[in-house]
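Report on the following structure.
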Amino acid sequence: MYYYIAETPTTKHHQDIINNIRSRFVPEGIAGEFVFRNASAPVDELVATALNQGFSTIVAIGGDGLVDEIAGSMYDQHAALGYIPLTKSPLTKLFGYDNWQSAISALRHRKLALFDLGSVNGEHYFLNRIDITSKKDCQFAMHMGRFNATITTDKISVQMPSGDASFDIQGVINFVVYRKNMGSWASSLFGGGSTQEIDSLLRAEQAAIQSSDVAEVILNGKSICTTPVSIEIIPQSVRIVVARQMRNT
Amino acid sequence: MEVFDTIIGQNVKLLGNLTNQGPIQINGIVDGQVESGAVVIVGAGALVKGPVKAKVVEITGEVQGVIHASDRVEIFPKGKLVGDVTTKNLVVRLGAMFIGKSQQAPDIEPKDKEIVEDNEK
């Protein structure tokens, strides 16, 4: 059974899309319980409720941020995470959806793939990309198991293989420093612009990172903590509904 | 074009053992052992203090340590190696520096060997 958690629509356009999406549930054979997330219904509580009630698939209707929140609460659960995006995004590409219609088709077929989660200071996230950024160049001391690295920069991008297909080694986190003055940081991924040139690329299963200046840890545009920070990969720990043409589990 | 699994940038200092199956590009400083199943490139301005083991090692910067390369070691102009080398093929280009002893890898036939030692001590 499907448990749908939708972002509360902020525009009539989004409200119309959500209405269209809901109208397809019964015809497509994917009917289930539907709730809007809001201040009185935090996502982690909604997910816990769904899991306790035995729903087999929890579906995010909204943006990548909502997927991040739900995935973090579904660590090591048998239930699967589905996604009906309201717009194109990095995760729609990752899961093989072209639009909400193809996402509904994927839910009907319910092909599952295992994806990595990340742990940031013990909290679980679907880490497609986070940035550790300071206002000016500072020294980042990174303790990465077999070695310690010191990097002088103002930004370290942390990316999981699931977040960028160019980093195709599974089970490790990519710590990337891009060359400066190469255009927008955000433009490089997922066809958003010219490819940025990598200055440094280190890979590890985990890292403890300190910085000489306080640096913010930013996930999906939202600051989640500051340095020092501990980041770890949790391989293949969440089941996600993907398009039929995507990789097998 | 080589796709590197690990890149040590100019502003990176690394202390410890760097091990990787894929290619490694070093443009900064590594104090420790470097091991790759493919190529290790020590770029201009880079410094490696420690042993290097790989299939191919290309040096334009500086290595202070022994090198064991199953296929080839090549020291380019302005490159510097202070340490002994065991490899199938050693190439020391004009303007490069090599201070150490070279030894043919024992299990490999001594063919295709090219040694050009211009600035050796």
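The values are calculated or read from the model by the stated rules, or taken from the named source; none is laboratory data. Treat the numbers as computed from the prediction; the structure is a model and nothing was measured. With ideal geometry, Cβ positions are generated from the backbone for all residues, glycine too; neighbour counts draw on all protein chains shown.
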Requested in this report: Determine whether B:ASN20 is closer than 30 Å to A:ILE156 by Cβ, at the interface with chain A (Cβ under 9 Å from one of its Cβ atoms) and at pLDDT 95 or above.
Outcome: no
Query - Any hit, segment A:210-221, residues being modelled with pLDDT of 75 or more, surrounded by fewer than 18 Cβ atoms within 10 Å (Cβ to Cβ), under 20 Å from A:LYS88 (Cβ atoms) and among the small types (Gly, Ala, Ser) - result: yes
**Report entry** Test for B:GLY43: is it more than 14 Å from chain A (Cβ to nearest Cβ), closer than 30 Å to A:LYS155 by Cβ and small (Gly, Ala, Ser)
**Finding:** no
**Report entry** Test: B:ALA96 is more than 14 Å from every other protein chain (Cβ to nearest Cβ) and touching a Ser or Thr at 6+ places or on another chain (Cβ under 7 Å)
**Finding:** no
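In the set B:ALA38, B:ALA69, which member is away from chain A (no Cβ under 14 Å) and either hydrophobic (A, V, I, L, M, F, W, C) or over 19 Å from B:ILE99 (Cβ atoms) (or both)? Steps first, please.
Working: B:ALA38 fails: away from chain A (no Cβ under 14 Å).
On inspection, the qualifying residue turns out to be B:ALA69.
On the given criteria, is A:ILE240 at pLDDT below 95 and either surrounded by fewer than 21 Cβ atoms within 10 Å (Cβ to Cβ) or away from chain B (no Cβ under 11 Å) (or both)? Working first, answer last.
Values: at pLDDT below 95: yes; either surrounded by fewer than 21 Cβ atoms within 10 Å (Cβ to Cβ) or away from chain B (no Cβ under 11 Å) (or both): yes.
Criteria met by A:ILE240.
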**Report entry** Subset tally (residues that are basic (Lys, Arg) and within 14 Å of chain B (Cβ to nearest Cβ)) for segment A:199-231
**Finding:** 1
